[in-house]
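K.L.:
Okay, handing you the structure first.
Quick note: the coordinates plus some simple rules give every number you see, no bench work behind them. Predicted model, so just to flag it, every value in this text is computed and none were measured. Reconstructed Cβ throughout: ideal geometry from the backbone, glycine too, with neighbour counts over all protein chains shown.
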Amino acid sequence: MTQFASPVLHSLLDTDAYKLHMQQAVFHHYYDVQVAAEFRCRGDDLLGIYADAIREQVDAMQHLRLQEDEFQWLSGLPFFKPDYLNWLREFRYNPAQVCVTNDNGKLNIRLTGPWREVIMWEVPLLAVISELVHHYRSPNAGVDQALDALESKLVDFTALTANLDMTRFHLMDFGTRRRFSREVQQAIVKRLQQESWFVGTSNYDLARRLALTPMGTQAHEWFQAHQQISPDLATSQRAALAAWLNEYPDQLGIALTACITMDAFLRDFGIAFASRDQGLRP
């Protein structure tokens, strides 16, 4: 199944913010580390029929590059360093790092290469898979249907919360990898911008174009990689926490608690880390 009408992705920044945050840390601390990653569908969907269409999109991604206005916008954020941004300016996706196959109906995808490059594939690749599947399975659905569904849910939400104190309720968009399509995600985010409790998006491209606050710090990937990078597995979580603070001593200080177990996290997250990080998330 091939010949999707056009490239799904239009910007190098059409990804989650924490990918660039981690990429900068990898660029500075683990430049030569090699990695491998695989796509595993959690359900029984036979997505292998989309392998050729996905391959076409992967090949098209090599033409994406950081545009000058995007470079200038990133330069205005407080946590990116000039050496990394200058390198990112020259970054191109390398389709040779991606193997896409149809294994008796099951979709197999394997990524291999330098971590500093491979780290960029995950989110846009998942967005590509999601958009292609929805395009072929629901060809008549789109922005109008998505907005109608959202409005219905907002009516229910307003009714359910009418008598509640919602002053501390905040919602952010983190839907890039699971979106119906690029157009639907943008329409949903633009509608949610009208709500006082909507605080931003993890998508750097949307944040830039819609003047939203970009949200995100680090992913579980950071801690999982340190389980291999660190010489001692028992201290890998502390090594990941320390390396992050080394890269971002005064910013993006949110630590992840659920990479191993909460008991393991509490054991490793002593006063030295607790006094420097700004918060936690699961």
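K.L.:
Please report, largest first and rounded to whole Å, the three semi-axes of the ellipsoid equivalent to segment 44-198, where each semi-axis is the square root of five times an eigenvalue of the C-alpha gyration tensor.
P.N.:
Values: eigenvalues 207, 130, 34 Å².
With the √(5λ) rule applied to segment 44-198, the semi-axes are 32, 25, 13 Å.
K.L.:
Another question about this same structure. In terms of modelled amide H atoms, which long-range or inter-chain residues lie less than 5 Å from the amide H of G200?
P.N.:
D173
K.L.:
What is the calculated FRET efficiency for F79 to A274, with r their C-beta to C-beta distance and R₀ = 22 Å, to the nearest 0.05? Let's see the in-between values first.
P.N.:
Values: r = 21 Å, r/R0 = 0.96.
Step by step, r from the Cβ atoms, then E = 0.55.
K.L.:
If you don't mind, another one. Note down the magnitude of the dipole of segment 143-209 about its Cα centre, charges +1 on Lys and Arg C-beta and -1 on Asp and Glu C-beta and zero elsewhere, to the nearest 20 debye. Don't skip to the answer; put the middle values down first.
P.N.:
Details: 10 positive and 9 negative charges, 77 e Å.
Value, rounded to 20: 380 debye.
K.L.:
A follow-up question, please. Grab the other residues whose beta carbon is less than 13 angstrom from that of M172, score K and R as +1, D and E as -1, and report the net. Let's see the in-between values first.
P.N.:
On the way: positive: R281; negative: D16, D173, E195.
Summing Lys and Arg as +1 and Asp and Glu as -1 gives -2.
K.L.:
Treating the beta-carbon of each Lys and Arg as +1 and of each Asp and Glu as -1, no other charges, what is the dipole magnitude of the chain about its Cα centre, to the nearest 20 debye? Working shown, then result.
P.N.:
Numbers: 26 positive and 34 negative charges, 32 e Å.
It works out to roughly 160 debye.
K.L.:
Viscosity 0.692 mPa s, temperature 37 °C: Stokes-Einstein D of segment 143-209 from its Kirkwood Cα radius, in µm² per second? If you can, show how the numbers build up before the last one.
P.N.:
Working: Rh = 12.8 Å.
Reported coefficient: 256 µm²/s.
K.L.:
Could I ask something else about it? So if R0 is 25 Å, what FRET efficiency would L160 and Q193 give, r being the distance between their Cβ atoms, rounded to the nearest 0.05? Mind showing how you got there, number by number?
P.N.:
Working: r = 21 Å, r/R0 = 0.86.
Rounded to the nearest 0.05, the efficiency is 0.70.
K.L.:
Here's another thing I want to ask about it. Provide the FRET efficiency to the nearest 0.05 for the N140-Q34 pair, computing r from the beta carbons and using R0 = 30 Å. Before the final figure, lay out each step's value.
P.N.:
Numbers: r = 44 Å, r/R0 = 1.47.
Efficiency, rounded to the nearest 0.05: 0.10.
K.L.:
Additional query: Within segment 94-122, find all residues whose amide N lies under 16 Å from a label point positioned 7 Å from the Cα of D44 along Cα-to-beta-carbon.
P.N.:
Counting backbone N atoms under 16 Å from the label point, the list is 105-107.
K.L.:
If you wrap segment 194-265's Cα atoms in a convex hull and average its projection over all directions, what's the area in nm²? Can you show the working numbers first?
P.N.:
Details: hull surface 25.7 nm².
About 6.4 nm², averaged over all directions.
K.L.:
Sticking with this one: Report the Rg/Rh value for the chain, based on alpha-carbon coordinates and the Kirkwood definition of Rh.
P.N.:
Details: Rg = 19.9 Å, Rh = 20.5 Å.
Radius of gyration over Kirkwood radius for the chain works out to 0.97.
K.L.:
Could I ask something else about it? Per the Kirkwood definition applied to all pairs of different Cα atoms, how many angstroms is the hydrodynamic radius of segment 144-282?
P.N.:
Details: mean 1/r = 0.0570 Å⁻¹.
Here the Kirkwood hydrodynamic radius works out to 17.6 Å.
K.L.:
By counting other Cβ atoms within 10 Å of each Cβ, how are S275, S75 ranked from fewest to most?
P.N.:
Taking fewest neighbouring Cβ atoms as first place, the list is S275, S75.
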